[in-house]
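Quick note: the coordinates plus some simple rules give every number you see, no bench work behind them. Note that this is a predicted model, so its numbers are computed, not measured. Using ideal geometry, Cβ is built from the backbone for each residue, glycine included, and neighbour counts are taken over all protein chains shown.
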Amino acid sequence: MRRLASVLAASVLVLTGCALPRHYPEVTFHANGKTIQVEPAVYCDLGGENCAERAQPAKLRVPAGKVVQISVDGQLADGLWEAVFLYRDAAGKEQTTGTGLLGKGENFTYTLSLPNKTDQLLGIEVHEAAAAVLETGQPLLRGYWAVEITA
């Protein structure tokens, strides 16, 4: 999961600050007959400031070739969110890809399916964009939910 976090550090979304807000939305992950609800690993205020670590990454068993259904609560779906995932392809090379920005009241769910049945998912992060933006126009990260995958 450290590799996923280091890859995601270069993401267009950025974390800042260091104190907890009051409401913590959850993200639900469903795979291989198991459902888990995950609290944010880091969560910030609407401006993308006053952030604090909340939870360690959750763990979910996902054998190669299986899909993961991701469901976000209304707060995330009304704003902007994305899912970013790390996987190992058939050649053994680690790949990172994602959904792009979703939300605006239209996307409450996403079904994550890797390109090939032999690809093994390694980790997933769901990012929520803050109301603030960088000088480049890219949104700051308000929070993220992390799941470590076991085969």
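I'd like the Kirkwood hydrodynamic radius of segment 71-128, using the inverse of the mean 1/r over distinct C-alpha pairs, in Å. Write down the numbers at each step before the final one.
Numbers: mean 1/r = 0.0829 Å⁻¹.
Taking the inverse mean of 1/r over all distinct Cα pairs, segment 71-128 comes out at 12.1 Å.
Between residue 34 and residue 133, what's the calculated FRET efficiency when r is the beta-carbon distance and R0 is 22 Å? Round to 0.05. Write down the numbers at each step before the final one.
On the way: r = 37 Å, r/R0 = 1.67.
After rounding to 0.05, the efficiency reads 0.05.
State the three equivalent ellipsoid semi-axes of segment 38-151, derived from the C-alpha gyration tensor as the square roots of 5 times its eigenvalues, in descending order and whole Å. Spell out each step's value before the answer.
Values: eigenvalues 135, 42, 36 Å².
Sorted largest first and rounded, they come to 26, 15, 13 Å.
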